[in-house]
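The values are calculated or read from the model by the stated rules, or taken from the named source; none is laboratory data. Just so it is clear, the structure is predicted and the values come from calculations on it, not from any experiment. Heads up, the Cβs are rebuilt from the backbone with ideal geometry, glycines too, and the neighbour counts pull from every protein chain shown.
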Amino acid sequence: MEWQDQSADESERIISMKMWDGRFAKPSAKLLEEFNNSLPFDKELIEEDIDGSIAWAKALARIGIYNQTESRKVIKELTAIKNDWQKGHAKLLGSDEDIHMAVERLLVERVGQAGAKLHTGRSRNDQVATDTRLYCMRKINHIKNLVKEVQSALILRAESDKNIIVPGYTHLQQAQPISLAHYWMSCFFCLEREKSRLDHAYEICDIMPLGSGAIAGAGFAIDRKLLAADLGFSRISDNSIDAVASRDFALELLSSLSSLGIHLSRYAEDLIIWSSREFGYIELDDAWSTGSSMMPQKKNPDSLELMRGKAGRFLGNYTRLATTVKGIGLAYYKDLQEDKEPLFDSIKNMDLVLRVFASVLATLTVNSERMAAQLDPLLLATDVADYLTTAGLPFRQAHKVVGSIVGYCVKNKRNLMELSLKELLVFSPLFKKDIQVVFNWQAALRHRDVDGGTSLRSVNAQVKKAKMLLK
Ligand code: ARG
């Protein structure tokens with residue numbers, strides 16, 4: 001694309017050529033022009049605008065507004081403008097008020113009168129709502145594919161890290177031992193829900209507003225169902241006021257991206273901690289870490305920090321649009337032009353976050369020895385309580401007994417796993433020699449063999465299900 005700055009003379013000439021200036025006695029103020037202009041950002045919608053216009057031209061041809069020759073010519077030239085754009089040749093002008101005006105101008109330059117007929121029955125109000133919905137639908141598919149790539153990386157990690165045991169944390173305090181694969185799969189299933197949020201957002205976007213005109217519906221007998229099918233929409237809007245006024249589809253997508261961003265941020269947080277020297281559980285690949293300008297020894301997990309930091313941006317973009325929309329009545333007001341930048345920004349940044357995360361996951365190394373060395377024997381306290389419960393003691397009492405054993409270990413600096421049967425019998429007569437079986441990390445994992453638990457059987461089942469879901 002080539003951006004042209006006009007000289008003062010040129011601008012004057014173009015101002016007098018505005019498509020809507022018939023009723024005005026003088027040109028808009030320069031500053032208002034600048035304030036009003038959305039082309040610098042809504043050019044992002046050019047392909048959807050052209051696709052929408054091609055479908056609209058066909059619809060106009062079906063009701064005789066265009067004859068065969070005209071519609072063929074218009075469609076051919078719109079397609080050519082799209083090709084030009086893709087090759088970087090389309091010339092958008094600073095004087096084009098927005099992308100809709102720009103495409104129409106380019107078309108008129110190429111086909112004259114036939115181009116001037118294209119806006120028959122159409123308003124930029126239904127046009128922009130259609131373009132933006134179409135754009136969101138395409139981007140949702142793209143984002144979903146990237147989520148799937150992250151999920152594939154998680155499955156690979158789970159498969160290779162299945163036999164690694166790591167402390168599971170609650171309150172960032174060691175809680176119970178888990179398989180590292182179990183941790184990776186937690187992220188997989190969380191992302192499954194994020195995809196269903198995106199599916200829901202898609203469903204809300206998938207309603208075609210075109211044919212609603214400015215507010216009251218097109219004054220021409222457009223076959224809207226055929227038009228929708230042409231554009232890949234599965235439904236048409238039922239009410240023209242709602243169609244041009246609503247931006248809940250954009251909010252739904254921004255909300256889904258916020259939820260996705262929040263969850264990715266939490267995983268980033270864990271992995272940042274795990275990569276610290278104090279934890280030392282993982283090391284990021286050099287290609288996905290950065291250094292310090294001052295401290296030569298530094299290797300920082302900036303990739304993950306940005307992934308965490310961007311959650312604020314996703315939420316901010318949601319809040320920004322929600323705040324804009326809440327104040328405006330029905331139907332179209334120019335405030336709605338403010339929907340685009342937050343939307344584009346969240347989509348662009350989510351694309352980056354997901355691609356970076358997939359690579360970070362695929363390339364990080366796990367320090368299983370360090371993980372094993374950090375396993376505190378007290379992680380097995382619940383297992384000891386479960387042992388006493390199985391032997392007949394009500395869990396609440398078992399909890400108390402084991403609490404006293406833990407206190408004893410801490411006070412006397414004893415390792416829970418090395419206590420003798422004699423020592424244990426002081427706390428409860430229910431201990432037998434087979435308590436030894438409990439003092440084993442693998443046994444602790446096997447012990448949690450419910451569906452969805454951390455046992456190897458359950459983790460294998462999770463991976464199997466995950467692979468099926470990704471198919
Ligand atoms: N650039 C505008 C937007 O993005 C297009 C719709 C303008 N409609 C109007 N009646 N001025 O919202």
- Message: Given the condition closer than 21 Å to residue 223 by Cα, in contact with a Ser or Thr (Cβ under 6 Å, 6 or more places away or on another chain) and away from the ligand (no atom under 16 Å from the Cβ), answer yes or no: does some residue in segment 40-57 qualify?
- Response: yes
Expected single match for part of a helix (DSSP H, G or I), touching a Phe, Trp or Tyr at 6+ places or on another chain (Cβ under 7 Å) and under 28 Å from residue 164 (Cα atoms) among 466, 444 is 466
The one condition residue 92 fails out of (1) closer than 19 Å to residue 120 by Cα; (2) aliphatic (A, V, I, L, M); (3) in contact (Cβ under 8 Å) with a residue 40 or more places away in the chain is (1)
Can you spot a residue in segment 353-362 that is assigned to a helix (DSSP H, G or I), at pLDDT 95 or above and out of contact with any helix residue (DSSP H, G or I) (no Cβ under 8 Å at 6 or more places or on another chain)?
no
On the given criteria, is residue 347 over 30 Å from residue 251 (Cβ atoms) and of a type in the set (A, V, I, L, M, F, W, C)? no
Out of (1) outside any helix (DSSP H, G or I); (2) within 16 Å of the ligand (Cβ to nearest atom), the one residue 375 does not meet is (2)
Restricted to segment 388-433 and to residues being of a type in the set (D, E, K, R) and part of a helix (DSSP H, G or I), the residue nearest to residue 373 (Cα to Cα) is 418
The strands (runs of 3 or more DSSP E) lying wholly within segment 78-180 that contain at least 2 residues that are within 16 Å of the ligand (Cβ to nearest atom) and over 30 Å from residue 453 (Cα atoms) are 91-93
Would you call residue 255 part of a helix (DSSP H, G or I), closer than 28 Å to residue 164 by Cα and in contact with a helix residue (DSSP H, G or I) (Cβ under 8 Å, 6 or more places away or on another chain)? no
